[in-house]
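The values are calculated or read from the model by the stated rules, or taken from the named source; none is laboratory data. Keep in mind that what you see is a predicted model, and the values were worked out from it rather than measured. Don't worry about glycine lacking a Cβ; one is built from the backbone with ideal geometry, like all the others, and counts go over all protein chains shown.
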Amino acid sequence: MTRALINVPTKAKRGEIIGLKVLISHKMETGFRYTTTGERIERDIIHTFIATYNGDEIFRANLHPAMSANPFLAFHAVATESGVIDFQWHGDNGLAARQTAKITVE
Amino acid sequence: MDRIGKQTKATRRAVVTGAGAALLGAAAPTVVVGPARATPEEMQATINKLVGDAKLKAGKITIDIPPLVENGNTVPCTVTVDSPMTEQNYCKAIHVLNERNPQPNVISVYLNPRSGRAAFSTRIRLSDTQNVTVVAELSNGSFWSASVNVVVTIGACLEDVI
């Protein structure tokens, strides 16, 4: 299982813009590298990241091999109501990872 | 005396060239031969595909990326688009593109008014000194772009694989 780190504030004021940070451990093999014996190393990357806030999409990213290993993303969201922010990563070879965080909006 | 001197010189040269050849020889099997690189034209074609018939204007975008990078494997990159994020007027998408990596695309980000701010940070790979271009699509259908040149000392994708 791929390890993911997320950073979400636990509390926010209504309407406040909050910063979200996510990082997932993944080698992001480009598919453009060769072994010493000349064999091509198959591409193995995370190609999609989706963040939802109580089911509504707030941020989506399509990643390409030009993303660094252990892809890191920092973005924002409007704290509309208390609930769950859900982060999902999808990758080659059926990789799927998910993390959720609770947020209280006052 | 002169002859000996010449001889020594010759030997030294032979040794140096020999060592060089040996080094090359040793390195040859580990040299990673990448595929043809993306070209500025290829990046332009990708941009044209994104933009379609709309007009691409310069401005509204700030790319925060170091101008000189030592290691192309992790280049911190922050993109900010000068756009409000309201229901009527917001930034729909931000695309990061490059000229000289094997593929022109780096990352495409899709936003909506719930995103709050038309900005994001990430870390990217750059294989060589090149221009990084960002294209932003706003909800009113307009497209904006900005480019920045990044000097890369050690490119990504070239490290040896065991």
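Overview of results
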| item | result |
| --- | --- |
| Residue in the stretch A:31-49 that is at the interface with chain B (Cβ under 7 Å from one of its Cβ atoms), within 18 Å of the chain's Cα centre (by Cα) and aromatic (Phe, Trp, Tyr) present | no |
| Condition broken by A:ALA69, with the remaining ones in (1) modelled with pLDDT of 95 or more; (2) under 13 Å from A:ASP44 (Cα atoms); (3) within 14 Å of chain B (Cβ to nearest Cβ) satisfied | (1) |
| Conditions (1) among the aliphatic types (A, V, I, L, M); (2) more than 17 Å from B:VAL109 (Cα to Cα); (3) within 16 Å of the chain's Cα centre (by Cα): number failed by A:ILE17 | (3) |
| Considering residues of the stretch A:78-106 that are over 10 Å from the mean Cα position of the chain (by Cα), under 14 Å from A:PHE49 (Cβ atoms) and in contact (Cβ under 8 Å) with a residue 60 or more places away in the chain only, the residue farthest from the other protein chains (Cβ to nearest Cβ) | A:LEU95 |
| Near pairs, Cβ below 6 angstrom, 6+ apart or cross-chain, from the stretch A:1-28 (without any contact (Cβ under 8 Å) to a residue 60 or more places away in the chain) to any residue that is of a type in the set (Phe, Trp, Tyr) | A:LEU23/A:PHE72 |
| Which listed residue, of A:ALA77, A:ALA4, A:ALA69, is under 20 Å from B:TYR90 (Cα atoms) and small (Gly, Ala, Ser) | A:ALA77 |
